[in-house]
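Q: Here it is: the structure, laid out below.
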Amino acid sequence: MSTFSDRLTAMLRKRNMTQKQLAQQTNITESAMSYYVKGARTPSGDILTKIAIALNTSTDYLLGITNDPETVKQGSDLHYLQRNLGKLDPERLRKAEALLKMMFDDIFDDEEE
């Protein structure tokens, strides 16, 4: 097994979550999730991010870059966004991403003027 699969399995246990629940929450097929848990595959960056958000941890922890599973600090604004974005169904997540993009486009457009 790989560091990623070991840590993914540990976080599933810690969060009392099944592979199936994580697959559903992240909109990933159950077979793909099974490959990740077995260590047969490592997810792409966007899928890795979805998994980290759903498990309330960081991608750095899952990949073995840090040993702190709680790298996403409680109480931070970013943590709040990550935690709640991870709870959204795919349609609501798409809407939230569209709203954030509009806001960021507006903010960055203002800075460029």
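Q: Taking segment 1-45, which residues are on the phi > 0 side of the Ramachandran plot and free of Cβ contacts under 8 Å to residues at least 12 places away in the same chain?
A: Residue satisfying the conditions is ASN16 alone.
Q: Right, next: Enumerate the helices (runs of 4 or more DSSP H) found wholly within segment 1-71, keeping only those where 3 or more residues are over 19 Å from LEU85 (Cα atoms) and β-branched (Val, Ile, Thr).
A: none
Just so you know, all these numbers are worked out from the coordinates, no wet-lab data involved. If you're wondering where the values come from, they're calculated on a predicted model, not measured in any experiment. In this analysis, Cβ positions are derived from the backbone assuming ideal geometry, glycine residues included, and neighbour counts consider all displayed protein chains.
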